[in-house]
């Protein structure tokens, strides 16, 4: 076993100590009503890898394939769009529940709102979702990207009408810069990192991810025993964990959080068990660019510390393995084009089940032939050159 592949089993005192009302089934249905009002909405597929699961020694494996989301090749638009919609509704003194896509683009609403500029920092997927939503709702956006971001991701954001650029900063510094620009110019920050005085929009982003969780719930033919979730700041992981914990209560699946070892802020926070958030600094040069975040979302951690069972810090080869297996599963299973961040969780599962040195991990995580595993492939080949370099050539392009 390679040294950089680590597991922490987080011992909780209370399974039901957190308030999950903001992520309930009923709340997720209302979020879905907003998303489904867009003309381009369609449910993304849940793929059953029956034969691959058997090969790995598992009962079943289900992959929620977010490469089909709104034509944007990633799930992130769910959070950005719901946050922007919620902000605009609040500005008009109304609830998002009273708005649909058609309401937002009406002449009356546009006249009442005026012109709003939304700003964010992103490696790509979130910024593209913010830019798409702003353009779709006839507003403006500005996007800052950390150094090392793929040119294709920048071009995709520019194509959505945003003013966008790649900076010389890491992700967390780009977030701080975007915040400074918002304060200076009166723009609205759309970010899933929460801090004192900035919690509404990160919460709305997390609630927006409820659509993905709710869809998966309605598509699953059986209750999963395990859910593996990738984490950057932890907003996606926290949102999906909260939904399933609220839904299944005592029968909640075993929740495992997966991060790149060069940006494992949640893993380090769980490992320390000192009640403090722990940060990762520096370049964080992992191929899992969408997970290269060094500062945890406080809202997400409040959920994960109560309902997260395991935290894994994994090296890049694990995500690369996931990309290759999903693109080339056992005969009879559908192939999935999954990007570096999207394939991290399945790659982690595959490594645990295939590596003889990790037999003890299988016991700790209770992974066996009766396990029913759910993973979320959160992106497709949003960087096609990078995807081909990893899957076709077996090389890591940015490390």
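List of remarks:
- When residues in segment 314-346 are screened for being closer than 29 Å to residue 175 by Cβ and crowded, with 24+ Cβ neighbours inside 10 Å, 14 of them pass.
- Residue that is within 14 Å of residue 303 (Cβ to Cβ) and assigned by TED's automatic domain parsing to the domain that holds residue 262, where the choices are 244, 228: 244
- Among residues of segment 197-224, those that are more than 20 Å from residue 80 (Cα to Cα) and exposed (fewer than 14 other Cβ atoms within 10 Å of the Cβ), counted: 3
- Test: residue 359 is surrounded by 24 or more Cβ atoms within 10 Å (Cβ to Cβ) and free of Cβ contacts under 8 Å to residues at least 40 places away in the same chain: no
- Some residue of segment 226-235 being in contact with a helix residue (DSSP H, G or I) (Cβ under 8 Å, 6 or more places away or on another chain), at negative phi and surrounded by fewer than 24 Cβ atoms within 10 Å (Cβ to Cβ): yes
- Applying the set (1) at pLDDT below 95; (2) under 14 Å from residue 192 (Cβ atoms) to residue 126 leaves exactly one unmet item: (1).
- Of all residues in segment 255-288, those satisfying the criterion of being more than 20 Å from residue 378 (Cβ to Cβ) and not in a loop (DSSP other than H, G, I, E, B) are 268, 269, 270, 271, 272.
Per-residue answers, yes or no, for (1) outside the structural domain of residue 135 (by TED's automatic domain parsing); (2) closer than 17 Å to residue 240 by Cα; (3) surrounded by 15 or more Cβ atoms within 10 Å (Cβ to Cβ):
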site	(1), (2), (3)
19	yes, yes, no
36	yes, no, no
64	yes, yes, yes
94	no, no, no
98	no, no, no
102	no, no, no
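- The residue that is surrounded by the most Cβ atoms within 10 Å (Cβ to Cβ), among those in segment 363-379 that are farther than 17 Å from residue 49 by Cα and in contact (Cβ under 8 Å) with a residue 24 or more places away in the chain, is 379.
- Residue in segment 289-300 that is nearest to residue 273 (Cα to Cα), counting only those that are under 14 Å from the mean Cα position of the chain (by Cα) and assigned to a helix (DSSP H, G or I): 300
- Residue satisfying all of: in segment 38-62; more than 30 Å from residue 106 (Cβ to Cβ) and within 22 Å of the chain's Cα centre (by Cα); surrounded by the most Cβ atoms within 10 Å (Cβ to Cβ) among these: 61
- Only one entry in 285, 274, 264 is surrounded by fewer than 19 Cβ atoms within 10 Å (Cβ to Cβ) and touching a residue at least 40 places away in the same chain (Cβ under 8 Å), namely 285.
The values are calculated or read from the model by the stated rules, or taken from the named source; none is laboratory data. Since the structure is predicted, the reported quantities are computational estimates derived from the model, not experimental observations. We place every Cβ from the backbone using ideal geometry, glycine too, and count neighbours over all the protein chains shown.
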